[in-house]
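Step one of this worksheet: look at the structure below.
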Amino acid sequence: MVRCTGFGLIVSPDRHNEVVEWPFAVQGINSTRFERIENLEYSSVIRGEENCVKTAYMIEEDIAIWMIGEVYNRESIWNTIIGEEKNSSDLDVDLLLNLIRLYGTTALRLVNGRFAAVIRFRDRLLLVTDHAGTIPLYFHISKNSIYVATEAKALILGGNLSPGLRKFEDRTFEQNMIETIFKGINRVPIGSIIEINLRTFEMKKEHHWRMPSERLVISEEKACHLLYETLDKAVEFQKGENDSVGVILSGGIDSSAITSLIAPKVTKLYTFSIGTESANEFEYAKLVADRYQTDHHEFLIREEEFLEKLPHVVWAAEVPHAEFIEYLTPVYITYQHARSFTNRILTGYGSDILFGGMLDPHMSIEELDNYIQRDVLSIDGSNEFTHTIGLVHGIWTTHPYWDREFLRITLQLDPRLKNLHGIEKYILRKSFESFLPQRNVWRKKIGVHQSTGTENAFTKWVNENIRGNEPLAVRKNKIIYNLLQTLYVEGANPDEININNSRVLINQ
């Protein structure tokens with residue numbers, strides 16, 4: 001289990017003891033660390049288990065690092081690069097420090113993982129997210145101070161750094177990839193380094209990961225082998241040293257493939273399915289659970305529970321998009337029920353983006369390739385993969401389909417193979433044809449928000465309560481926007497918000 005669940009940092013001429021009070025959605029207790037380096041004070045709060053500071057913070061000579069997450073290719077980096085320089089350590093923050101010393105900022109190009117970090121290196125402060133930005137990192141720069149945190153609420157409610165939300169109609173923050181819905185609060189784009197000069201406080205952006213543009217020309221058979229082997233390695237990496245893990249299992253090809261790969265690698269595998277009386281995938285999930293003899297659990301939820309959890313999901317996800325909140329709500333509830341069984345869960349999330357699973361299988365190859373590239377970039381700022389949704393319940397989540405190496409291979413794959421014969425995600429299905437029940441391999445894709453009843457419940461509620469001529473999607477987004485306003489501007493507690501409260505329905 002990752003012991004550190006979040007952190008915040010203020011860099012300024014003066015010490016800031018109040019950083020210990022910064023709020024986080026994720027589980028844990030706040031610990032503080034104060035360092036004076038040259039002429040600046042580094043006041044930090046580290047969220048997580050008691051005594052977790054040593055796993056999240058390290059300083060050695062002119063390098064200091066604050067980090068949350070894990071490095072998946074740790075062993076190969078230690079053995080191949082650092083092993084001759086220093087005895088092996090099980091701390092990823094130590095690994096990152098040694099890489100920075102050897103490679104400077106280009107060290108991040110070597111790292112495959114799920115992490116966010118702040119690195120003081122010489123006269124620079126580096127703000128870093130992994131290749132897919134799966135752990136958000138927010139920041140604010142003033143005249144003589146820098147504020148950073150893994151959750152925007154720490155800066156907004158703890159640091160009093162945002163005067164409110166941008167206007168609902170102002171979507172410019174979605175184009176520049178740095179600004180957020182919160183005024184004055186920025187975020188580090190996916191696969192990027194925000195470099196801040198500690199003398200002038202000037203900022204510039206660099207990339208340590210870019211989406212590949214070239215494509216592989218290989219046969220269907222070789223493509224299947226390559227996908228299977230690369231995903232299997234990603235699952236092995238993301239299992240970590242755990243002998244007991246969980247998988248969210250819908251019975252679709254994405255989660256079923258992950259289940260088939262992880263089952264032989266652990267002594268205890270839990271699988272979890274969620275649904276309502278009117279919409280669920282229990283039948284298909286059970287086929288895979290029975291085949292791999294998992295400890296399977298079905299969670300039957302009232303449709304009203306999805307609405308009741310909306311404020312909590314918005315509080316954790318910190319985004320204004322109803323589309324993503326609808327995806328994340330059933331996942332949030334699943335983690336809530338699964339926490340009594342395991343503290344690490346692998347998901348099948350993100351496969352649809354890479355294989356065009358939600359696109360028209362009959363579109364042209366050119367359209368498909370362009371749409372997939374667009375959809376990959378669209379995750380920037382969506383917080384679809386955010387760690388907070390799981391760590392609110394004490395669960396560390398991983399997403400093998402967005403492992404850096406698997407992501408590279410999948411994006412380079414001939415797009416023709418992804419929708420061959422008019423079958424969406426054809427090559428992924430073909431890769432696991434021999435390892436899963438045929439009903440699971442070839443069943444048509446259904447989104448988690450649809451298969452669990454979340455979308456229907458939210459749509460019904462919006463149509464009954466928010467009348468008008470605006471499109472349904474706009475009305476849904478306004479509800480999420482007003483929830484953000486209630487939580488982050490008015491300072492309400494998500495436990496105290498009733499979705500039918502007038503504060504959520506204002507200005508409709």
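Looking at this structure, is Val288 outside any strand (DSSP E or B) and closer than 30 Å to Tyr138 by Cα? The answer is no for Val288.
Listed conditions (1) small (Gly, Ala, Ser); (2) surrounded by 22 or more Cβ atoms within 10 Å (Cβ to Cβ); (3) on the phi > 0 side of the Ramachandran plot are all met by Gly104, apart from (2).
Scanning the stretch 127-145 for residues that are over 17 Å from Gly6 (Cα atoms) and either small (Gly, Ala, Ser) or touching a residue at least 60 places away in the same chain (Cβ under 8 Å) (or both) yields His131, Ala132, Ile141, Ser142, Asn144, Ser145.
The number of residues in the stretch 352-381 that are surrounded by 18 or more Cβ atoms within 10 Å (Cβ to Cβ) and within 21 Å of Thr129 (Cβ to Cβ) comes to 6.
Flag set for Ile409, criterion: of a type in the set (A, V, I, L, M, F, W, C), part of a helix (DSSP H, G or I) and under 24 Å from Val247 (Cβ atoms).
Evaluate the following for Glu151: is it among the acidic types (Asp, Glu) and in contact (Cβ under 8 Å) with a residue 24 or more places away in the chain? In short, yes. If you go through the stretch 266-285 and keep only what is of a type outside the set (Asp, Glu) and closer than 17 Å to Ala338 by Cβ, you end up with Val266, Lys268, Leu269, Tyr270, Thr271, Phe272, Ser273, Ile274, Gly275, Asn280, Phe282, Ala285. Does Tyr332 count as over 21 Å from Glu283 (Cα atoms), under 14 Å from the mean Cα position of the chain (by Cα) and aromatic (Phe, Trp, Tyr)? Taking the combined requirement at face value, the residue satisfies it.
Exactly one residue out of Pro13, Pro23 is modelled with pLDDT of 90 or more and in contact with a Lys or Arg (Cβ under 6 Å, 6 or more places away or on another chain), and it is Pro23. Set side by side, the residues Ile68, Ile59 differ, and just one is in contact with a strand residue (DSSP E or B) (Cβ under 7 Å, 6 or more places away or on another chain), surrounded by fewer than 18 Cβ atoms within 10 Å (Cβ to Cβ), more than 19 Å from Ser145 (Cβ to Cβ) and in contact (Cβ under 8 Å) with a residue 12 or more places away in the chain, which is Ile59.
Considering only the stretch 342-353, I want to know if a residue exists there that is among the β-branched types (Val, Ile, Thr), over 30 Å from Asp414 (Cβ atoms) and touching a Leu at 6+ places or on another chain (Cβ under 8 Å). No: zero hits.
Keeping to the stretch 415-474, report how many residues are part of a helix (DSSP H, G or I) and either modelled with pLDDT of 85 or more or of a type outside the set (Val, Ile, Thr) (or both). The total comes to 35. Scanning the stretch 77-85 finds no residues that are surrounded by 13 or more Cβ atoms within 10 Å (Cβ to Cβ), of a type in the set (A, V, I, L, M, F, W, C) and within 18 Å of Thr150 (Cα to Cα). Listed by first and then second residue, the pairs with beta-carbon distance under 9 Å, at least 6 apart or on different chains, first residue in the stretch 407-421 and outside the structural domain of Asp369 (by TED's automatic domain parsing), second surrounded by fewer than 23 Cβ atoms within 10 Å (Cβ to Cβ), form an empty list.
Note on the stretch 57-89: residues that are under 27 Å from Val20 (Cα atoms) and either in a loop (DSSP other than H, G, I, E, B) or not assigned by TED's automatic domain parsing to the domain that holds Phe24 (or both) total 2. For beta carbons closer than 9 Å, sequence separation of 6+ or different chains, a first residue in the stretch 293-308 that is assigned by TED's automatic domain parsing to the domain that holds Phe282 and within 12 Å of Gln336 (Cβ to Cβ) and a second that is of a type in the set (Gly, Ala, Ser) and in a strand (DSSP E or B), the qualifying pairs are Phe299/Ser273; Phe299/Gly275; Ile301/Gly275. Scanning the stretch 37-56 for residues that are in a strand (DSSP E or B) and either modelled with pLDDT under 95 or closer than 24 Å to Ala317 by Cα (or both) gives Ile37, Ser44, Val45, Ile46, Arg47, Gly48.
Of the set (1) modelled with pLDDT under 95; (2) under 28 Å from Glu179 (Cβ atoms), all apply to Ile301 but (2). In this entry, Gly394 is excluded by the filter for residues that are under 30 Å from Lys309 (Cβ atoms), in contact with a Gly (Cβ under 8 Å, 6 or more places away or on another chain), assigned to a loop (DSSP other than H, G, I, E, B) and in contact (Cβ under 8 Å) with a residue 60 or more places away in the chain. Sub-7 Å Cβ pairs linking a first residue in the stretch 27-50 that is in the same structural domain as Pro13 (by TED's automatic domain parsing) to a second residue that is part of a loop (DSSP other than H, G, I, E, B) and of a type in the set (A, V, I, L, M), at least 6 apart or interchain, are Gln27/Val392; Leu40/Leu198; Arg47/Val26, ordered by first then second residue. Listed here are the strands (runs of 3 or more DSSP E) enclosed by the stretch 196-278 that have at least 1 residues being among the aromatic types (Phe, Trp, Tyr) and either surrounded by 19 or more Cβ atoms within 10 Å (Cβ to Cβ) or assigned by TED's automatic domain parsing to the domain that holds Trp442 (or both): 268-275. I'd like the residue in the stretch 118-143 that is basic (Lys, Arg) and in a strand (DSSP E or B) and, out of all such residues, is surrounded by the fewest Cβ atoms within 10 Å (Cβ to Cβ). The residue in question is Arg124.
The values are calculated or read from the model by the stated rules, or taken from the named source; none is laboratory data. Predicted model, so just to flag it, every value in this text is computed and none were measured. Don't worry about glycine lacking a Cβ; one is built from the backbone with ideal geometry, like all the others, and counts go over all protein chains shown.
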